[in-house]
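Input: a single structure, listed below in structure tokens.
The values are calculated or read from the model by the stated rules, or taken from the named source; none is laboratory data. Just so you know, these numbers come straight off a predicted model, no measurement behind them. Note that each Cβ is placed from the backbone with ideal geometry, even for glycine, and that neighbours are counted across all protein chains shown. The area values use the complete protein model at the heavy-atom level, side chains included, leaving out ligands, DNA and RNA. Shrake-Rupley method; radii C 1.70, N 1.55, O 1.52, S 1.80 Å.
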Amino acid sequence: MEKHQHLFRCPLCSQPMRMVTCKSLLCTNQHCYDLSRHGYIHLSSRAYKTKYDKQLFASRRRMCNSGFFDPLNEAITNHIVEFMKPLLDQNRQLYLLDAGCGEGSHLSHIQDKLIQRGIRELTSVGMDLSKEGIAAASKKYPQPLWCVADLAHCPFANQQFDGILNILSPSNYAEFTRVLSADGCILKVVPEQYYLQELRYGYEQNKNRPAYSNDNTLSRFKEHFQLLNVERVTYCFPLHADLMEPLIHMTPLTWGATEADWHRVQEMNLTHITVDLLILCGRK
């Protein structure tokens with residue numbers, strides 16, 4: 001944290017920050033933020049209550065570690081290597097931000113893949129508004145820097161990140177544009193039409209749902225960034241019986257489900273689940 005203190009700016013007054021006595025970030029106006037005992041730092045200007053709880057994050061980690069998102073993480077890694085090649089060729093220190101990182105599995109797995117490809121001058125930062133998610137990330141994955149922070153008030157100085165990941169998470173394109181370097185790239189992942197379709201079928205039977213479309217998401221992305229590439233990642237993942245419960249609990253899709261919905265899904269005895277995601281890659 002001290003080595004990379006230049007990344008940060010105060011979420012209250014936007015002034016530069018420095019690490020003091022290896023335990024706090026302090027800005028020039030004396031706003032102070034202490035490191036937790038697990039090594040993350042709380043940089044949100046106020047506390048928020050979110051629906052993302054410990055059970056959801058534990059379930060998501062279980063699914064990530066089962067290989068559920070491996071093809072997606074591999075595709076993201078390929079994009080980083082391809083579109084950041086000019087930066088990689090300079091052998092300079094690279095900075096990667098996962099905005100809306102949850103419990104940190106995506107960022108940690110992608111960092112591991114980049115290191116395996118010989119990219120060692122890499123510093124990763126994960127931010128999320130959920131304290132539970134960041135606490136879980138810092139306990140499990142000590143290598144990246146972790147902070148509780150609000151997308152609307154990113155606690156980072158201008159143009160600090162060569163890459164921004166935004167995986168199945170809300171966006172703030174104004175802030176992303178501000179903190180992204182001039183030659184950096186952003187990778188946003190959104191669900192496509194058939195994402196978790198077997199689970200959706202169980203919950204959405206007899207419910208009127210509009211036809212699924214990412215047209216608005218794509219248009220809004222293109223309003224803020226030059227679109228470099230679009231890749232659709234689709235595959236079927238074999239679903240062992242012990243993964244059914246974490247699958248159900250890892251997604252906001254199940255919020256508001258009725259008792260009948262739960263029984264219907266459990267009785268389906270799913271043997272596989274469809275993953276259908278869209279990766280948007282852009283540059284300022």
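Taking the stretch 50-97 on its own, how many of its residues are in contact with a Ser or Thr (Cβ under 6 Å, 6 or more places away or on another chain) and open to solvent by 10 Å² or more (accessible area, probe 1.4 Å)?
So the answer is 4.
Which residue out of 55, 30 is in contact (Cβ under 8 Å) with a residue 40 or more places away in the chain and farther than 23 Å from residue 274 by Cβ?
55
Within the stretch 248-255, does at least one residue satisfy the condition of being loosely packed, with under 12 Cβ neighbours inside 10 Å and at pLDDT 85 or above?
No, every residue in the stretch 248-255 fails to be loosely packed, with under 12 Cβ neighbours inside 10 Å and at pLDDT 85 or above.
Can you give me the number of residues within the stretch 150-185 that are hydroxyl-bearing (Ser, Thr, Tyr), more than 16 Å from the chain's Cα centre (by Cα) and assigned to a loop (DSSP other than H, G, I, E, B)?
Residues flagged as hydroxyl-bearing (Ser, Thr, Tyr), more than 16 Å from the chain's Cα centre (by Cα) and assigned to a loop (DSSP other than H, G, I, E, B) within the stretch 150-185 amount to 0.
This table checks each residue for (1) touching a Gly at 6+ places or on another chain (Cβ under 6 Å); (2) free of Cβ contacts under 8 Å to residues at least 12 places away in the same chain; (3) among the aromatic types (Phe, Trp, Tyr).
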| site | (1), (2), (3) |
| --- | --- |
| 65 | no, no, no |
| 69 | no, no, yes |
| 85 | no, yes, no |
| 89 | no, yes, no |
| 100 | no, no, no |
| 106 | no, no, no |
| 110 | no, no, no |
| 117 | no, no, no |
| 126 | yes, no, no |
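Is the stretch 114-128 home to any residue that is part of a helix (DSSP H, G or I), open to solvent by 50 Å² or more (accessible area, probe 1.4 Å) and of a type outside the set (Gly, Ala, Ser)?
Looking for residues that are part of a helix (DSSP H, G or I), open to solvent by 50 Å² or more (accessible area, probe 1.4 Å) and of a type outside the set (Gly, Ala, Ser), one finds at least one in the stretch 114-128, hence yes.
Select from the stretch 1-22 the residues that are touching a helix residue (DSSP H, G or I) at 6+ places or on another chain (Cβ under 6 Å) and charged (D, E, K, R) and list them in ascending order.
18
Can you tell me which residues in the stretch 111-128 are over 11 Å from the mean Cα position of the chain (by Cα) and under 19 Å from residue 60 (Cα atoms)?
111, 112
Kindly provide the set of residues from the stretch 103-129 that are of a type in the set (Ser, Thr, Tyr) and touching a Lys or Arg at 6+ places or on another chain (Cβ under 9 Å), ordered by number.
The answer is 105, 108, 123.
Scan the stretch 93-116 and give yes if some residue there is closer than 23 Å to residue 227 by Cβ, at pLDDT below 90, in contact with a Leu (Cβ under 8 Å, 6 or more places away or on another chain) and hydrophobic (A, V, I, L, M, F, W, C), otherwise no.
No, the stretch 93-116 has no match at all.
Which residue is least open to solvent (accessible area, probe 1.4 Å), if the candidates are limited to the stretch 220-247 and must be charged (D, E, K, R) and at pLDDT below 90?
By that ranking, first place goes to 242.
Could you please let me know if residue 90 is out of contact with any Lys or Arg (no Cβ under 8 Å at 6 or more places or on another chain) and among the polar types (S, T, N, Q)?
Considered against the rule, which asks whether it is out of contact with any Lys or Arg (no Cβ under 8 Å at 6 or more places or on another chain) and among the polar types (S, T, N, Q), residue 90 comes out as yes.
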